[in-house]
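The block underneath contains the structure these notes are about, expressed in structure tokens.
The values are calculated or read from the model by the stated rules, or taken from the named source; none is laboratory data. In this text, all values refer to a predicted model and were calculated from it rather than measured experimentally. Here the Cβ positions follow ideal geometry from the backbone for every residue, glycine too, while neighbour counts run over all protein chains shown.
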Amino acid sequence: METNPPDKARAATRNHFSSNDQLPSLTALRGVAALWVVVYHYSVQCFPTLDVTDYTHFFHKGYLAVDMFFMLSGFVLTHVYHRKFLGDVNGNYRGFVIARIARIYPLHVLVLILFVATAVAASWSGDFSIRSLEKIPLQGSESVAAFFANIFLVQGLNAGKLSWNYPSWSISVEFMAYLLFPFILPLIWRASASAKWALAILLVGLLGLFAYIAQDNFDQWDGPIALLRCFPEFLIGTLLYCAFRSAPSGIGIERDGSVFGILLVTLALLHFGASDLLVTFLFALLILASVRNAGRFAEWANMRALVWLGDISYSIYLIHSFIQCLAMKLLARFGIYKLADLSPYKSLAFMAPMLVLCLIAAHLSYFCFEVPSRRYVRDILGGKPSPKSKGLGLAQTRTA
């Protein structure tokens, strides 16, 4: 998103109620969320001895960052495109899809190619023959079928068997939400207040159904159930933006006390391992309170380090599993296979450089590949960027 230096945070936040050109504080949220996902995967899933669930559930709940991403995406895309789609959906649909492809596709394909190249290199027998490729199976998570599923962004429908890069399941299901979004947005935007409340109740009910099916474990990414996780949260983000635009100022949610209070309650619930459904609803409040804040929280959220983290968050999200893959192969080369047998100190000694390397790779990816490739794809496909779209959107984040 557009970045405001700390000393301009209050002024920018006051102005956005009239100009709506900027959404302060959301960049920091998506950056911290992306880092949360990485720490969850690197610690809880990769090095089991770093699982501190006996002391806090915070790290174990890192998969919930994806739920925040889905809401942020719906919120920000509504902000960027509501005027366009209120005017002419059909006329602007192609440009919207091109913009979404330009944003998420190049890096997704690059990381996919890196995974495939690594698999081919691992089976390389010393000559550049087709036999190296023949060792890649036709079916499975690292297969020819999975490769083409990723190329067409449908791997999220069966991610357990179709994902070379396992976090990319959320890119897939969110892209499906993108395809429907331009037709749904005008209906929501023009709906009466009572109709919006009815839709909110319906979406909450759908999330409740998802929570019931998943037994309140939102870490569901394999199969069509992922759509039931993504779609309601994405549309809740749209409703949150409607509330942001229509709610009068001075209701209290924008005050520092409210924002920090919601944040502390959210952290406390995560620490004690509270209901995933409840935490997800608090994310919605946190997003709304953060974007309306014009005080200390906005200044904190616009710190240079947090803005940088938010800018590179999509790269962090997509690249971190490739760093993990390389690290596991490197450890195996040194005869370290049973990571559960490592001491916490050794696990931390291995995880720390992985995290640093992930941030460095994401930084280079963002500035050297993400931004240039986005412009290139737009130019090739003929899409014209929205003047507001710089740095906005979960599509610019991603997501566990």
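Couple of notes before you dig in:
- Summed over the stretch 212-232, residues that are within 20 Å of G160 (Cα to Cα) and assigned to a helix (DSSP H, G or I) total 8.
- Among the residues making up the stretch 221-245, those that are over 15 Å from the mean Cα position of the chain (by Cα) and farther than 25 Å from A198 by Cβ are D222, G223, P224.
- S25 of a type in the set (S, T, N, Q) and closer than 13 Å to S347 by Cα: no
- Unmet criterion (only one of (1) surrounded by fewer than 20 Cβ atoms within 10 Å (Cβ to Cβ); (2) in contact with a His (Cβ under 9 Å, 6 or more places away or on another chain)) for W197: (2)
- Odd one out for Y212 among (1) touching a Gly at 6+ places or on another chain (Cβ under 6 Å); (2) surrounded by fewer than 13 Cβ atoms within 10 Å (Cβ to Cβ); (3) not acidic (D, E): (1)
- Test: residue in the stretch 117-130 that is modelled with pLDDT of 65 or more, under 29 Å from the mean Cα position of the chain (by Cα), surrounded by 14 or more Cβ atoms within 10 Å (Cβ to Cβ) and not in a helix (DSSP H, G or I): no
- Candidates are the residues of the stretch 155-190 that are among the aliphatic types (A, V, I, L, M) and modelled with pLDDT under 95; the one that is surrounded by the most Cβ atoms within 10 Å (Cβ to Cβ) is L162.
One line per residue, one yes/no per condition, for (1) out of contact with any strand residue (DSSP E or B) (no Cβ under 6 Å at 6 or more places or on another chain); (2) of a type in the set (A, V, I, L, M); (3) assigned to a helix (DSSP H, G or I); (4) under 21 Å from S73 (Cβ atoms):
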{"site": "I201", "(1), (2), (3), (4)": "yes, yes, yes, no"}
{"site": "F234", "(1), (2), (3), (4)": "yes, no, yes, yes"}
{"site": "R245", "(1), (2), (3), (4)": "yes, no, yes, yes"}
{"site": "I251", "(1), (2), (3), (4)": "yes, yes, no, no"}
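- Criterion: surrounded by fewer than 20 Cβ atoms within 10 Å (Cβ to Cβ), over 29 Å from L50 (Cβ atoms) and modelled with pLDDT under 95 - qualifying residue of K329, K346, K384, K338: K384
- Helices (runs of 4 or more DSSP H) wholly inside the stretch 1-92 that include at least 1 residues being within 18 Å of the chain's Cα centre (by Cα), at pLDDT 95 or above and surrounded by fewer than 20 Cβ atoms within 10 Å (Cβ to Cβ): 26-40
- Selection of the stretch 168-199 for residues being outside any helix (DSSP H, G or I) and not aliphatic (A, V, I, L, M) yields only S192.
- Failed criterion for S365 (all others in (1) of a type in the set (S, T, N, Q); (2) modelled with pLDDT of 95 or more; (3) exposed (fewer than 15 other Cβ atoms within 10 Å of the Cβ) hold): (3)
- Any helices (runs of 4 or more DSSP H) falling wholly within the stretch 262-377 and containing at least 3 residues that are of a type in the set (F, W, Y): 313-333
- Looking across the stretch 299-349, just one residue is more than 30 Å from A102 (Cβ to Cβ), within 25 Å of the chain's Cα centre (by Cα) and among the aromatic types (F, W, Y), and that is W300.
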